[in-house]
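Report on one structure; see the data block that follows.
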Amino acid sequence: MNHVSARSSGRRTTPPRLRAALASIAIGVVAVGTTLALASSASAGTALGATAAETGRYFGAAVAVNKLSDSVYVGILNREFTMVTAENEMKWDATEPNPNQFTYTGGDRLVSHAQANGMRVRGHALAWHQQQPRWTSVLSGSALRSAMINHVTQVATHYRGKIYAWDVVNEAFADGGSGGRRDSNLQRTGDDWIEAAFRAARAADPGAKLCYNDYYTDGQNAKSNGVYAMVQDFKARGVPIDCVGFQSHFTGQSPVPSDHQANLQRFVDLGVEVQITELDIEGSGSSQTDSYSRVVRACLAISRCTGITVSGIRDTDSWRASATPLLFDGNGNKKAAYTSTLNALNAGGTTVPSTPPPTTPPTTTPPPADGDCTASVSLNSWPGGFVATVKVIAGSAGLNGWVVSLSLPSGATVTDAWSTQNTSTSGAVSFRNVSYNGAVGAGASTEFGFQGTGKGPTGTATCARA
């Protein structure tokens, strides 16, 4: 079944309100039990993803790769959704079951399916305190930090250019009233571990949007205030963060908060996008339908709320199936919640502004002389270790290869590097380009990074053509 792009032109072919009425009639036929053949294509007004795309947004689903052999599941996926997120196949335990031994079979299968059907991919999740491989349980401190940075770098590099947005860090803030960080093995490597993960992800895949993702943050509370303060700090210091994901698992005891839209807006006001990343709403009847439409309307009202992902496709596919929280029942039939969601999308809203993918900010340093290059080092340190990000800036003739040299103080050792090859690990250290970042246009720049124990590099880094 082929997916059809939501926009074949920039014009609406049917007024939104009329489309909504027609969609309601069609859905009503399904709701009373008539069996209809799945459409071979999707169009704006009659499918979730295609309709969301009319305002520049995506509508996606979390996907279990082992269900891609289920024809009903795949039929709904291809017809209704324009973004996919792997439920488990891109997490740490799935992609690196043994130290520095990576496997991407499941994730690659999902990416291939998405590409073949015109969908984009959200990557989930590079760093999380859960679903870590067993071998990480014996690591701590700088050894765990190095393993985490290496994992982020290797996985993001493997999928470089194929991922729309990464959940770089997942669920790092504690529940309850403190608003502080969750006590985890990653947190105990140092309070800057989240920053280090984001910097490593940007160096590995400069074109992907980088998100922080969490739950119970849908309204303003202690936890969302803690995330807000982190994002505010990151934006002020130039730490690369592009978006915040709100998981949005709603129940009767934890419904859609009254300040949901206002809470999303305050994050947007910091200069990031917001995305609903794992939406599911327990129950049935009007409470469920009203809640789904409220979430959609809140997102549509905010120009930088760029998309919604539901946490599965059919109720029986859900991680909490007994709560019947999704838009399709176990047989793949559209529920009343589907109708309310599609109607809310058809009502329209703000249009997401067209923005280029995130890139390394342009340097204000004048380009060096013809044939030369310069290098600058940004350092994040903690007791006993550091992460260095190095920017290489090409001269007016550009580069086809480069070498950066710098000095490490006595006792310092390079333990990991990304987007580069280092010739030694202590003392005078040189770093060379790898295959994908050796060519740098005149006045343009590229970045690489490395992590080490001890104190970070001192003095001035030098750059030369290779």
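The values are calculated or read from the model by the stated rules, or taken from the named source; none is laboratory data. Here the structure is a predicted model, which is why all the values come from computation and not from measurement. Cβ sites come from the backbone with ideal geometry, for glycine too, and all protein chains shown count toward neighbours. Keep in mind that these areas ignore ligands, DNA and RNA; they rest on the heavy atoms of the full protein, side chains included. Shrake-Rupley method; radii C 1.70, N 1.55, O 1.52, S 1.80 Å.
The order of the peptides 253-262, 237-246, 280-289 by mean Cβ neighbours within 10 Å, most packed first, is 237-246, 280-289, 253-262. Accessible surface calculations at 1.4 Å, restricted to protein heavy atoms, place segment 48-349 at 32 Å² per residue. Relative to its residue count, segment 373-465 spans a Cα convex hull of 73 Å³ per residue. The residues of segment 373-465 expose on average 40 square angstrom of accessible surface per residue, using a 1.4 Å probe on protein heavy atoms. In the structure shown, the pairs Lys162/Lys235; Lys91/Lys235; Lys67/Lys391; Lys235/Lys455; Lys91/Lys391 are assessed against 32 Å; a Cα-Cα span above that value is assigned to Lys67/Lys391.
When Cα extents along the principal axes in Å is computed from the coordinates, the matching label among (1) 101, 59, 41; (2) 75, 47, 40; (3) 102, 99, 42 is (2). Accessible surface of segment 373-465, 1.4 Å probe: 48 percent of it comes from carbon and sulfur atoms. Sorting the segments 422-435, 200-213 by their mean number of nearby beta carbons within 10 angstrom, highest to lowest, gives 200-213, 422-435. Phi-derived couplings, Karplus 6.51 cos²θ - 1.76 cosθ + 1.60 at θ = phi - 60°, listed residue by residue for segment 389-395: 10, 10, 9, 9, 10, 7, x Hz, with x used for Gly and Pro. Ordered from longest to shortest, the equivalent ellipsoid semi-axes for segment 126-230 are 23, 18, 11 Å, each the square root of 5 times a Cα gyration tensor eigenvalue.
Using just its DSSP H runs of length 4 or more, each adding -39500 (n - 2.57), the chain gives a mean residue ellipticity at 222 nm of -8500 deg cm²/dmol after division by all residues.
Spin-label model, Val72/Thr423: points 7 Å from Cα along the beta carbon direction are separated by 6.3 nm. Phi angles of segment 123-130 translate, via the Karplus equation with coefficients 6.51, -1.76, 1.60 and θ = phi - 60°, into HN-Hα couplings of x, 8, 9, 6, 9, 8, 6, 10 Hz per residue; Gly and Pro are given as x.
To the nearest 10 degrees, how steeply does helix 336-346 sit against the main Cα axis of the chain, on a 0 to 90 scale? The angle comes out at about 70 degrees.
Would you mind telling me the share, in percent, of accessible area of segment 48-349 contributed by carbon and sulfur at probe 1.4 angstrom? It is 47 percent, rounded to a whole number. Between Arg134 and Asn185, the contour length at 0.36 nm per residue exceeds the Cα-Cα span by 17.1 nm.
Ordering Phe102, Asn225, Gln275 by Cα displacement along the dipole of segment 48-349 toward the positive end leaves Phe102 in first place; charges were set at the Cβ atoms of Lys, Arg (+1) and Asp, Glu (-1).
Taking the Cα centre of the chain as origin and assigning +1 to Lys and Arg Cβ atoms and -1 to Asp and Glu Cβ atoms, the resulting dipole is close to 800 debye. Amide H to amide H distances under 5 Å link Cys305 with Val274, where only residues 5 or more positions off or on other chains count and H is placed in the peptide plane.
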